[in-house]
Amino acid sequence: MSQELTELSFTVSGRVARPVAEVYEAVADPQQLSKYFTTGGARGHLKPGADVSWDFADFPGRFPVTVIDTDAPHRIVIEWEVAEAAAESGSTRVTFEFAPIDDGARTLVTITESSWQATAAGAKGAFGNCEGWTGMLIALKAWVEHGINLREGFYK
């Protein structure tokens, strides 16, 4: 018996050669996030109750981000509105997980985004964000390990 697909989700992951706390802060801290990902600027530290928004210089508009939960330095859960969300809230949920590996010398970063509509438009949005989060992980690694902003000039 096949089960009906009601929503789409995806998971991407990568390894960063820095300790968990350092990698976590590179995502949670708006100053650092703005250096390699939210190149139009990030506002607000990723913690519950903070006024958080992300702006991408290469993708017009500031996006409000709602922080649902944090467990520093292991997990950050956010939601943001998308037109193709399956959830009644009109948002998808993004979970960042940070796990120490190699005796704490490196960090496994896993990003899962869920609650996309199981439609052609939902699939297009999910695939686009899957590409975006993969790019974010690569940019995070280059920034934290080498101080290089890979996103600069990549999209425009």
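Yes or no: Trp80 aromatic (Phe, Trp, Tyr), in a strand (DSSP E or B) and at pLDDT 95 or above?
no
For the range 90-99, what are the residues that are free of Cβ contacts under 8 Å to residues at least 60 places away in the same chain and touching a Ser or Thr at 6+ places or on another chain (Cβ under 8 Å)? Walk me through it before giving the result.
The initial filter retains those residues of the range 90-99 that are free of Cβ contacts under 8 Å to residues at least 60 places away in the same chain, namely 90-95, 97.
Ser91, Thr92, Arg93, Val94, Thr95, Glu97, listed by residue number.
Any residue in the range 29-58 that is in contact (Cβ under 8 Å) with a residue 60 or more places away in the chain and surrounded by fewer than 17 Cβ atoms within 10 Å (Cβ to Cβ) sitting within a Cβ distance under 6 Å of a residue that is among the β-branched types (Val, Ile, Thr) and assigned to a loop (DSSP other than H, G, I, E, B)? List the pairs, counting only those 6 or more apart or interchain.
Ala57/Thr39
Give the range 18-28 a look and list any residue that's charged (D, E, K, R) and either under 20 Å from Ile68 (Cα atoms) or without any contact (Cβ under 8 Å) to a residue 12 or more places away in the chain (or both), or say none.
Glu25, the sole residue that qualifies.
Give the residue, chosen from Val20, Val77, Val12, that is touching a Phe, Trp or Tyr at 6+ places or on another chain (Cβ under 9 Å) and buried (at least 20 other Cβ atoms within 10 Å of the Cβ). I'd like the intermediate steps shown before the answer.
Working: Val77 fails: buried (at least 20 other Cβ atoms within 10 Å of the Cβ); Val12 fails: buried (at least 20 other Cβ atoms within 10 Å of the Cβ).
Every option except Val20 fails the conditions.
Any idea which of Val94, Val27 is assigned to a strand (DSSP E or B), under 12 Å from the mean Cα position of the chain (by Cα) and at negative phi?
Numbers: Val27 fails: assigned to a strand (DSSP E or B).
Result of the check over Val94, Val27: Val94.
Hey, among Gly104, Gly125, which residue is of a type outside the set (A, V, I, L, M, F, W, C) and surrounded by fewer than 18 Cβ atoms within 10 Å (Cβ to Cβ)? Can you show your working first?
Values: Gly125 fails: surrounded by fewer than 18 Cβ atoms within 10 Å (Cβ to Cβ).
Unique residue meeting the criteria: Gly104.
The values are calculated or read from the model by the stated rules, or taken from the named source; none is laboratory data. Just so you know, these numbers come straight off a predicted model, no measurement behind them. Cβ: placed from backbone, ideal geometry, glycine included. Neighbour counts: every protein chain shown.
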